[in-house]
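The values are calculated or read from the model by the stated rules, or taken from the named source; none is laboratory data. Since the structure is predicted, the reported quantities are computational estimates derived from the model, not experimental observations. As a convention, Cβ positions derive from the backbone with ideal geometry for all residues, glycine included, and neighbour counts pool all protein chains shown.
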Amino acid sequence: MLAAEELLIVVPPSPSPLMLGTLLLILGASVAVFVALVRRETHRRRAVALARWARSRGLRVAAGPGDLPALAPLKQFNAKIHAAIGGQTVTLARLETADAGLTTAAASPRIWNVLVRKLGAPWPTTALRPAAHTVSLVDLFSLSSYPSLMPTQRFMIFGSEARAARALAESEAPALLPPDVALVLYENHLILDFSGRPFDEIEFDRMIDLSQQLAPRLVLAD
């Protein structure tokens, strides 16, 4: 009879702590990956794009001021680095100067976009300053003006030595330089100030190409 039959009740086993821990670990890893991907495509999208561009040009995003020996010419102005991309010969940086000890408008806190390129030979500090600019990176350097050497209205020429100022004025640099970009030659560095332009990959390529054109044409005769 059915009443006499033995009834079997199957009780499912409870999950083991190891299994629960593994599932929670997988869930946590999935959430972490999802959050990282979301941040990469939103908050860090700009940084990721800069890093990708830098790698394509053989450059890298600098981790800090210690990675930027090329910016040594600007240390005298207590420059604060906001962003920088550097390589063996070229460094692009967005930086801020607070108080350069000057009485001009350039002494107030300002943001500068600069390219610094190594030169094959040193120059006395010499500069081409856009005449239309109210403020320029050139203003931070203590230089004398040589108006008779630059008859055009696009640039004013400054320098620490008349010989170097004349050499720069007679070079091809004034013709190659756009009217909104300043040029500073400091020791064995070429500095381009493109603060009036965006700090982005398009301008980076333009400034790199411009510096490549300028560098071989800047020769100071003995």
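Here are the numbers for the structure shown:
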{"quantity": "Residue in segment 183-190 that is surrounded by fewer than 21 Cβ atoms within 10 Å (Cβ to Cβ) and outside any strand (DSSP E or B) present", "calculated": "no"}
{"quantity": "Selection from segment 32-84 of residues that are at pLDDT below 80 and of a type in the set (Phe, Trp, Tyr)", "calculated": "34"}
{"quantity": "Matching residues, segment 162-173, being over 13 Å from residue 129 (Cβ atoms) and either outside the structural domain of residue 132 (by TED's automatic domain parsing) or not acidic (Asp, Glu) (or both)", "calculated": "162, 163, 164, 166, 167, 171"}
{"quantity": "Tabulated pairs, segment 174-202, first farther than 20 Å from residue 85 by Cα and assigned by TED's automatic domain parsing to the domain that holds residue 110, second small (Gly, Ala, Ser) and surrounded by fewer than 20 Cβ atoms within 10 Å (Cβ to Cβ), C-beta under 6 angstrom, 6+ apart or interchain", "calculated": "180/196"}
